[in-house]
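Only one structure is covered here, and it is reproduced in the block below.
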Amino acid sequence: DESKTPYDLLGEKEGIAKLVTTFYSLVSQDSLLSPLFPEDLTETAYKQTQFLSQFFGGPPFYTEEHGHPMLRARHMPFPITNSHAKAWIACMEKAMTIQKIDPDLQNILLSRLKMTAFHMVNTEDSER
Ligand code: HEM
């Protein structure tokens, strides 16, 4: 059904929450990404579920609770390099495969996420 949003196809908020849980368990095992994140990822996962819901065409849960996402600004406290963006996308791709998301849908979602991920880069790799 072409009127379905990615949010619908992912199983709405519950489906996205599962994807996000898998994603952060991979992030916490990634030696490049994990040092940037808090040890307890509960709140991070909660916000990411809200954000990805709206990013993929669902209700604006993130904005309702936290205001405008301003993602690049919210990531400025963290030194994010191209390598971090690649690692972030690799974890998301793996999480989507683990959650058995249809490969065609994966391609669409990952190409959108890649643009956002590389937009977060605020530090040269050599500066680390
Ligand atoms: C928050 C890292 C890409 C969405 C965060 C936090 C870190 C981080 C360290 C703070 C976690 C916390 O204190 O709870 C990264 C890195 C990325 C990346 C290294 C690599 C490029 C992205 C992308 C998206 C995203 C592509 C969206 C598609 C968010 C959201 C939050 C967040 C919604 C919560 C913001 C808030 O505090 O309200 N990220 N991120 N991030 N990130 Fe990322």
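No value in this document is a laboratory result; all are computed from the given coordinates. Everything numeric in this text was worked out from a predicted model, so none of it was measured. Cβ placement follows ideal geometry from the backbone for every residue including glycine, while neighbour counts extend to all protein chains displayed.
Brief remarks follow.
- Being without any contact (Cβ under 8 Å) to a residue 60 or more places away in the chain and closer than 19 Å to GLU12 by Cβ is true of PHE56.
- Hits in the stretch 61-89 (condition: free of Cβ contacts under 8 Å to residues at least 40 places away in the same chain and assigned to a helix (DSSP H, G or I)): TYR62, THR63, GLU64, GLU65, HIS66, ALA73, ARG74, ALA85, LYS86, ILE89
- Criterion: polar (S, T, N, Q), more than 10 Å from the ligand (Cβ to nearest atom) and at negative phi - qualifying residue of THR22, THR49: THR22
- Residue satisfying all of: in the stretch 86-108; within 12 Å of the ligand (Cβ to nearest atom) and either of a type in the set (S, T, N, Q) or farther than 23 Å from GLY57 by Cβ (or both); surrounded by the most Cβ atoms within 10 Å (Cβ to Cβ) among these: ALA87
- Search result, residues across the stretch 1-48 that are among the charged types (D, E, K, R) and in contact with a Cys (Cβ under 9 Å, 6 or more places away or on another chain): ASP30
- SER111 farther than 23 Å from GLU2 by Cβ, away from the ligand (no atom under 11 Å from the Cβ) and free of Cβ contacts under 8 Å to residues at least 12 places away in the same chain: no
- Verdict on LEU110 being part of a helix (DSSP H, G or I) and touching an Asp or Glu at 6+ places or on another chain (Cβ under 8 Å): yes
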